[in-house]
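S.K.: Below: one structure in structure tokens.
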Amino acid sequence: MKYKNHPKTVEQYVKLVDDTLIDVEEFIACLEFDMDEPGEQLQVLEPIAAELLKIRNGMSDGSYIFSKEDLPFMNVANKLSTSLPFTQHLAVINETHKKGLNIEDE
């Protein structure tokens, strides 16, 4: 599937990852504040945040490598696509990870 608004430059890709990481972290903070026992949700969201941070750190230190494989969080993101407000961003990050920066938008 192709998504709209793909990053065309490294700077745009870094910003998308940064913005999505912030969205995930803010969502986690809201769950922790609003729920007495957010354990199950955190078990899903914390690995997504960790993977985004890993990607971002790789971008910073030059070790990030595009791949043909889905990012590890995509199974969960696809299953919870109606529950997570940032699923579209995760999908764009994943598709960019797999296909690179020069993807034509539909």
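The values are calculated or read from the model by the stated rules, or taken from the named source; none is laboratory data. Keep in mind it's a predicted model, so treat the numbers as computed, not measured. In this analysis, Cβ positions are derived from the backbone assuming ideal geometry, glycine residues included, and neighbour counts consider all displayed protein chains.
S.K.: Taking Leu101 and the conditions (1) surrounded by 12 or more Cβ atoms within 10 Å (Cβ to Cβ); (2) within 19 Å of Gln43 (Cβ to Cβ); (3) not charged (D, E, K, R), which numbered condition does it fall short on, given that it satisfies the others?
M.R.: It is condition (2) that Leu101 fails.
S.K.: Please specify each residue of the stretch 37-73 satisfying the condition of being among the acidic types (Asp, Glu), more than 15 Å from Phe86 (Cα to Cα) and modelled with pLDDT of 95 or more.
M.R.: Asp61, Glu69, Asp70
S.K.: Continuing with this model, one more query. If you check Leu84, Leu101, Leu80, which single one turns out to be over 15 Å from the mean Cα position of the chain (by Cα) and at pLDDT below 95?
M.R.: Only one candidate passes the filter, namely Leu101.
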